[in-house]
Amino acid sequence: MNSFLRTFARNRGAVIGLCILVAVVAIAILAPLLYPGSPWRMVHRPFLAPFVLDRAPLGSDTVGRDILAGLVHGSRVSLLIGLVSTLVALLVGVPLGAISGYFGGWVDAALMRVTEFFQTIPSFALAIVIVSILQPSVGSIVLAIAIVSWPPVARLVRGEVLSVRTRDYVQAAIVTGQPVHKVILTEVLPNVVSPVIVLASLMTATAILLESSLSFLGLGDPNVMSWGYMVGSGRSRVLDQWWISFIPGTAIFVTVLALNLIGEGLNDAFNPSLRGRRT
Amino acid sequence: MTGFNKRELLKAGVAGLAAGELFFGLSPLANGSITALAQSPKRGGAVRAVVHPEPSSLMLGLVQNTPTQMVAGSIYESLLKYGHDLKPIPSLAERWEISEDGKAYTFHLKRNVKWHDGKPFTADDVVFSTDVFLRELHPRWRPVATTHVERIEKLDDFTVRYQLKNPFGPFILMFELSTTPIVPRHLYAGTDYKTNPNNNTPIGTGPFKLAEWTRGSHIKLTRNPDYHVQGLPNLDEIYWQIIPDAAARVVAYETGAVDILTGGTVENFDVAKLAKMKNTAVTGKGWEMIAPLSWLWFNHRQGLMAKKSFRQAVMYGMDRDFAKDVIWNGLARLASGPVSSKTRFYSDKVAAYGFDPAKAKALLKESGYKGEPIRLLALPYGEAWTRWAEAVKQNLTDIGMNIQLVTTDVAGYGQRLSDWDFDLAFTWLSQFGDPALGVARTYVSSNIAKGSPWNNVAGYSNPEVDRLFAEAAAANGEAARQELYTKVQQILVEDLPVAWMLELEFPTIYRSNFNNLIKTATGMNDAFQDAWKA
Amino acid sequence: MTFALFLLRKALGAAVILIAIAALNFFLLRLAPGDPAQVMAGEAGAGDAVFLQQLRERFGLDRSLAEQFWLYIKGMLSLDLGFSYRQQRPVLDLILERLPATLLLTGTALIISLAAGVTLGVVAARRVGRASDSAIMTGSLVFYAMPLFWLAIIAQIVFSKYLGWLPNVGYESMGAGYTGARRTLDIGWHLIMPATTLGLFFTAVYARMMRSSMIEVSRFDYVKTAYAKGLTPGAVVRHHMVPNAILPVVTLAGLQAGQLVGGSLLVETVFAWPGIGRLLFDALLQRDYQVLLGVFFTCSAMVILFNILTDLMYRFVDPRIEAVS
């Protein structure tokens, strides 16, 4: 574990990413304290530029809402959607992949056909259809993102399980007559945790991007302030009041970048061999 | 006139525009009067205009959505056009008479009019279009034809008479292009209209013909050399470009890729900026027939909404000036009631509602509201509408209401309205020039029926209002109608069946070297007959 | 397994998946609230019961769901994807007329991203651990972490509005009347911005994949042998490492074909590119089910085709794969 931490800490990008993520999470948690009011309140003159007014350090948007307040409250929704949809995708993908890889045979064939099936449908198009059918809300957005993002998890877990299953200690557990679910849970899955964690950090990043794309097309939840919503609603002003969409866009960009850097750092730390010829 | 060349006049006009305030409809460049004096029209050239969304079809007899009207308006024609004051102007009919009793309308058609395929246009086409084709298919013509028209007859090859069952004042407005487009009898009689292959290659009598339609990209129209007005049209080609993103449309205009941004294709907050560009004119004219009026529906079937005090609370609680100035960038007017100030028989002798949150709070309390969630259905027509819904939600939250904003796409919106599945809902509807055509439908109780989002979806019912609208439609003479309509407006504004918001403007932005563009009450729909490029 | 058998198996699998996709989409779409007849009536500005009923009959919406589905599958088997009453044309025509634009856009984007990704990956792999390695990897991440539509809008502002180098909308200049080579150039000029925007997003993915694949390959014996034979490092990379390391990248590209099509939807919207992504979104808004189903079907078929092609390429490059599959 120590060597893991040391490897991770040596990766500068990953450490920076982690710092950013911790800061974003802290802001999200503290949002109600930092900006007690609703971020939807129209408290300023519209189109106020950043750094002009002390009360509105990042300016105001098209109808005079405080951009910093939106940013702070938006972090909660963007993170929430990213994390929850990833979690749901894991809850679907991990068991499917584990069962598929563990049992093999026709079970594997059938489950992998289903996975392939979902990978074949253009994922963004499917997400759009699902959200518009269920009406835009945090719930439908999370569901749509989860539905389009579980197949890679299943494939990854299946691959890992396939190789882990043949190992001696797993075989030993099977031979000693342990029930199947116990073998999978205690012997097989712990070995696939690290690649799944890496994938999860990348998926969270992708989910945040997906949410913003949905908002761009007008399919965001109208009752919650998210970064994607802010970019979408300010995009037509980007020529003249660039800050309205540029600031939340940067927030998305920085957070997604941080998550990717962390994912990469984790990957390197879990697989030191991949770091190759570093001396 | 010789001392002045046109370029100088244009420059003067542009300078004036840039220096002073921008007055919609008053800009000298917008109505073309000065430039028209300066020089006679020039032949040739192409114009590139934006249409959004892409029309689904150009067969105007089958499809009458706004984009189809704009593009097909240069291909098809009707008997009349209408000036900005809604007075009829000759088109396919060169003159007409209305009998003393207001029940017979006789139209004398232009001779020497040819369809785009070379066949002659006659009274047979008019009778076929209005008595057969449109009577079967047109959602606005059919009810009028069924209720008010006794017979449509051809008197000779170039004369048609409409005999009505009773006087119907707005009938003269029914010969507008999107209401009664004249379609070629020789191509449609006896066929299945909806699957007729000619629908993809529309044949009209208009100044332009369809040359090519690359779906998702553009529609190209070319000059009709055999047009029935000598020497017209002036332009050689029209390119209607399809650009789905509003911000991209603005950049396309700024970079010179398009010449005309039709009404509603850019967000209103971009209008002021574009108006400051060189060689650019802006006009709010050309929407007199539609006269868009926006309001909030109350669903009178939900207990609270049936209470007048609750409806008044909403009305007093909304900051309509903010919506006008910030969301619509000043390109709007506070609506005083059910009839737009641009529509015939408008009256301003009605009660006024201002922005008064304190009064709103008191009224809300009086209505017995206890914080129940109220769903507000937004209109999915673009950025401005979404911002407006958010602002109204905030206004109403401030007076103590618990508002849940509901967004959906156009299809979902229509479904919710027609299933009466809403509490409050945004809308705007067309006035069609006359209260009998575009206003009564929202308030009369005979128009309460599930399944359509354009009838009385609020479920408002008032026998007095029903009676007045019925009498006014059939009354003979303007004065008699005005009196009845004034009365009904007073009753409605007092009763507040819906919360009227704004009369909207959808300005057209164009390069000022295009002249004679918008000259009628239907604006861009017949903009290119005698337009010319300097 | 013979080649013919391999193809047959792939084709059968593809057919099953396509029918399943058609079924899923068919029922999914009909769950959506909103009635296409009403959308059309709404655009007409009014609609009474007679009009709505007429429209429903035209759309075939008055039949039972099962009957509608059966008719659809039956048509699909004869490559008839139905008729769009809204646009008054067969769905297949609508799609075929839009497909070239999307293929041109996604194809160019794919080439850009693969070329840039592979190059960056190779360069980084040869400098593992050095500052230039991290710079390349983090730099390519920048475009990956940006919302695609946002990148597209910023590109428009910079390259069209301020620099005036590239057109911001459409696929050719209107009214210019170009023909032949001049027209091809004009289309190419319009293609640069959308294709690069879409391509940049995927560059990071391929660069990463290429880098780790190169590192993996470098440990194989034949690479060591090549070095031992005295080949220059450049020659070893070019002739021995890249051809092998590129395989997983190609597989990944195959798997991401679906994402590419989805991304093209956003890019087509912002740049007014007349492809099928735009057709799909418009059809969704208008509940034009037949078109929507048709586009879904076509996109899925494209992804499957692409996957089969990568499989074939694998077999061609590395016959040992056969034993594994």
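The values are calculated or read from the model by the stated rules, or taken from the named source; none is laboratory data. All figures in this text were calculated on a predicted structure; none of them were measured in a lab. Quick reminder, even Gly has a Cβ in these numbers, built from the backbone with ideal geometry, and neighbours come from all protein chains shown.
Anything in the stretch B:356-397 that is within 14 Å of another protein chain (Cβ to nearest Cβ) and surrounded by fewer than 16 Cβ atoms within 10 Å (Cβ to Cβ)? List them, or say none.
Across the stretch B:356-397, the qualifying residues are B:Pro373, B:Tyr381, B:Thr397.
Go through the stretch C:144-175 residue by residue and tally those that are more than 10 Å from every other protein chain (Cβ to nearest Cβ) and in contact (Cβ under 8 Å) with a residue 60 or more places away in the chain.
0
Could you grab me the full set of residues in the stretch B:249-260 that are facing another protein chain (nearest Cβ under 9 Å), in contact (Cβ under 8 Å) with a residue 24 or more places away in the chain and not in a loop (DSSP other than H, G, I, E, B)?
If we filter the stretch B:249-260 for residues that are facing another protein chain (nearest Cβ under 9 Å), which is where we start, we get B:249-252, B:254-255, B:257-258.
With in contact (Cβ under 8 Å) with a residue 24 or more places away in the chain added as a condition, the list becomes B:249-250, B:252, B:257-258.
Selection gives B:Arg249, B:Val250, B:Ala252.
Give just the number: which of (1) within 14 Å of another protein chain (Cβ to nearest Cβ); (2) modelled with pLDDT of 70 or more; (3) crowded, with 17+ Cβ neighbours inside 10 Å does C:Arg30 not satisfy?
Condition not satisfied by C:Arg30: (3).
Go through the stretch A:116-167 and report how many residues are surrounded by 18 or more Cβ atoms within 10 Å (Cβ to Cβ) and over 29 Å from C:Arg278 (Cβ atoms).
10
Among the residues of the stretch B:344-378, which ones are at negative phi, in contact with a strand residue (DSSP E or B) (Cβ under 8 Å, 6 or more places away or on another chain) and not charged (D, E, K, R)?
Passing the criteria: B:Pro373, B:Ile374, B:Leu376, B:Leu377, B:Ala378.
Any idea which of (1) more than 26 Å from the chain's Cα centre (by Cα); (2) in contact (Cβ under 8 Å) with a residue 60 or more places away in the chain; (3) outside any helix (DSSP H, G or I) is the one B:Thr191 doesn't satisfy?
(2)
Go through the stretch C:58-113 and report how many residues are among the aromatic types (Phe, Trp, Tyr) and at pLDDT 75 or above.
Kept after step one, since they are among the aromatic types (Phe, Trp, Tyr), are these residues of the stretch C:58-113: C:59, C:69-70, C:72, C:83, C:85.
Within this subset, residues satisfying the condition of being at pLDDT 75 or above are C:69-70, C:72, C:83.
The number of residues fulfilling the criteria is 4.
Does B:Pro244 satisfy the condition of being assigned to a loop (DSSP other than H, G, I, E, B), touching a helix residue (DSSP H, G or I) at 6+ places or on another chain (Cβ under 6 Å) and not hydrophobic (A, V, I, L, M, F, W, C)? Full working, then the answer.
Values: assigned to a loop (DSSP other than H, G, I, E, B): yes; touching a helix residue (DSSP H, G or I) at 6+ places or on another chain (Cβ under 6 Å): yes; not hydrophobic (A, V, I, L, M, F, W, C): yes.
Yes: the conditions hold for B:Pro244.
When the residues of the stretch B:431-484 are filtered to those that are of a type in the set (Asp, Glu) and surrounded by fewer than 22 Cβ atoms within 10 Å (Cβ to Cβ), which remaining residue is farthest from the chain's Cα centre (by Cα)?
Among those residues, the one meeting the criterion is B:Glu464.
Among the numbered conditions (1) surrounded by 15 or more Cβ atoms within 10 Å (Cβ to Cβ); (2) away from chain C (no Cβ under 14 Å), tell me where B:Val144 comes up short.
Tallying (1) surrounded by 15 or more Cβ atoms within 10 Å (Cβ to Cβ); (2) away from chain C (no Cβ under 14 Å), B:Val144 fails exactly one: (2).
Among the residues of the stretch A:197-240, count how many are assigned to a loop (DSSP other than H, G, I, E, B), of a type in the set (Asp, Glu) and farther than 30 Å from B:Tyr253 by Cβ. Can you show your working first?
Applying the first criterion (assigned to a loop (DSSP other than H, G, I, E, B)) to the stretch A:197-240 yields A:217-226, A:238-240.
Within this subset, residues satisfying the condition of being of a type in the set (Asp, Glu) are A:221, A:240.
Then drop every residue that is not farther than 30 Å from B:Tyr253 by Cβ, which leaves A:221.
Number satisfying all stated conditions: 1.
Would you say C:Tyr227 is in contact with a Ser or Thr (Cβ under 8 Å, 6 or more places away or on another chain) and not hydrophobic (A, V, I, L, M, F, W, C)?
No.
Name the helices (runs of 4 or more DSSP H) wholly inside the stretch A:1-109 in which the number of residues that are within 26 Å of the chain's Cα centre (by Cα) and at pLDDT 90 or above is 2 or more.
Of the helices (runs of 4 or more DSSP H) lying wholly inside the stretch A:1-109, those with at least 2 residues that are within 26 Å of the chain's Cα centre (by Cα) and at pLDDT 90 or above span A:12-34, A:67-103.
Could you tell me whether any residue of the stretch C:216-233 is hydrophobic (A, V, I, L, M, F, W, C), more than 20 Å from the chain's Cα centre (by Cα) and either crowded, with 21+ Cβ neighbours inside 10 Å or within 30 Å of C:Ala101 (Cβ to Cβ) (or both)?
The answer is yes, given that some residue of the stretch C:216-233 is hydrophobic (A, V, I, L, M, F, W, C), more than 20 Å from the chain's Cα centre (by Cα) and either crowded, with 21+ Cβ neighbours inside 10 Å or within 30 Å of C:Ala101 (Cβ to Cβ) (or both).
Name the residue, out of C:Val169, C:Val123, that is among the β-branched types (Val, Ile, Thr), more than 20 Å from A:Ala14 (Cβ to Cβ) and in contact with a strand residue (DSSP E or B) (Cβ under 8 Å, 6 or more places away or on another chain).
After applying the criteria, what remains is C:Val169.
Do we find that A:Pro152 is closer than 23 Å to A:Ala258 by Cα, under 17 Å from the mean Cα position of the chain (by Cα) and at pLDDT 85 or above in this structure?
Yes; evaluated as a whole, the condition is true for this residue.
Go through the stretch B:424-534 and tell me which helices (runs of 4 or more DSSP H), entirely inside it, have 2 or more residues that are away from chain C (no Cβ under 14 Å).
Of the helices (runs of 4 or more DSSP H) lying wholly inside the stretch B:424-534, those with at least 2 residues that are away from chain C (no Cβ under 14 Å) span B:463-474, B:478-495.
I'd like the residue in the stretch A:207-244 that is of a type in the set (D, E, K, R) and facing chain B (nearest Cβ under 8 Å) and, out of all such residues, is surrounded by the most Cβ atoms within 10 Å (Cβ to Cβ).
Selected residue: A:Arg235.
What pairs come out if I take residues in the stretch B:459-484 that are farther than 30 Å from B:Asp423 by Cα and pair them with residues that are surrounded by 16 or more Cβ atoms within 10 Å (Cβ to Cβ) and among the β-branched types (Val, Ile, Thr) whose C-beta lies under 9 Å away, six or more apart or interchain?
B:Ala472/B:Val488
Does A:Ile247 meet the test of being more than 13 Å from chain C (Cβ to nearest Cβ) and surrounded by fewer than 24 Cβ atoms within 10 Å (Cβ to Cβ)? Break it down stepwise before answering.
Numbers: more than 13 Å from chain C (Cβ to nearest Cβ): no; surrounded by fewer than 24 Cβ atoms within 10 Å (Cβ to Cβ): yes.
When the stated conditions are applied, A:Ile247 does not pass them.
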